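*Asks:* Just dropping this structure here.
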Amino acid sequence: QAPLGSILRDFEAIQREQRECSACTDRQDWWDRRSRLDLRMQTLIQSLQFHVLGCWRGLLLPSPPGKSPILLQECSRLLPELRDCGWRDP
């Protein structure tokens, strides 16, 4: 399991290397670096999704147009359980 701090440090390193990559003038070298950075970013996003956000990552998805009856039903079940755990503000 990856702690959030580790993921943020990796993200900062990727950003730093991206700035260095942007200054690269050799086309092949630029593409090689860019491909490696893209793979690292993909791994970082997957780690964030599965190890930090877990089941809560669905909350970041955009809402569908209109209110889904299934979504409303799930929310009506989830809210009382969250309140029982001490959560007060939806």
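*Asks:* Send over a whole-number figure in Å² for the accessible area per residue of the chain, probe 1.4 Å.
*Replies:* Each residue of the chain exposes 84 Å² on average to a 1.4 Å probe.
*Asks:* Using helices alone, what [θ] at 222 nm do you get for the chain, with -39,500 (n - 2.57) per DSSP H run of 4 or more residues, divided over all residues and rounded to the nearest 500?
*Replies:* So the helix-based figure for the chain works out to -21000 deg cm²/dmol.
*Asks:* Given Cα pairs under 8 Å that are at least 6 residues apart, what percent is the relative contact order of the range 4-63?
*Replies:* Relative CO of the range 4-63 lands at 41 percent.
*Asks:* Across the range 14-30, in residue order, what do the Karplus-derived ³J(HN,Hα) couplings come to in whole Hz, using 6.51 cos²θ - 1.76 cosθ + 1.60 with θ = phi - 60° and x for Gly and Pro?
*Replies:* 5, 4, 4, 5, 5, 5, 5, 5, 5, 7, 5, 9, 6, 4, 5, 4, 4
*Asks:* Less than 15 Å Cβ to Cβ from GLN15, Lys/Arg counted +1 and Asp/Glu -1: what total charge do the surrounding residues give?
*Replies:* Within the 15 Å Cβ shell, the charges total +2.
*Asks:* Counting C-alpha atoms alone, how compact is the chain: give Rg to one decimal and Dmax as a whole number, in angstrom.
*Replies:* For the chain, the Cα radius of gyration and maximum Cα-Cα distance read 19.7, 59 Å.
*Asks:* Apply the Karplus parameterisation 6.51 cos²θ - 1.76 cosθ + 1.60, with θ equal to phi minus 60°, to every residue of the range 74-84 and state each ³J(HN,Hα) to the nearest whole Hz, in sequence, with x for glycine and proline.
*Replies:* 5, 5, 5, 7, 6, 4, x, 5, 5, 5, 4
The values are calculated or read from the model by the stated rules, or taken from the named source; none is laboratory data. Everything quoted here is computed from the prediction, not taken from an experiment. For neighbour counting, all protein chains shown are included, and Cβ atoms are generated from backbone atoms with ideal geometry for every residue, glycine included. The area values use the complete protein model at the heavy-atom level, side chains included, leaving out ligands, DNA and RNA. Shrake-Rupley method; radii C 1.70, N 1.55, O 1.52, S 1.80 Å.
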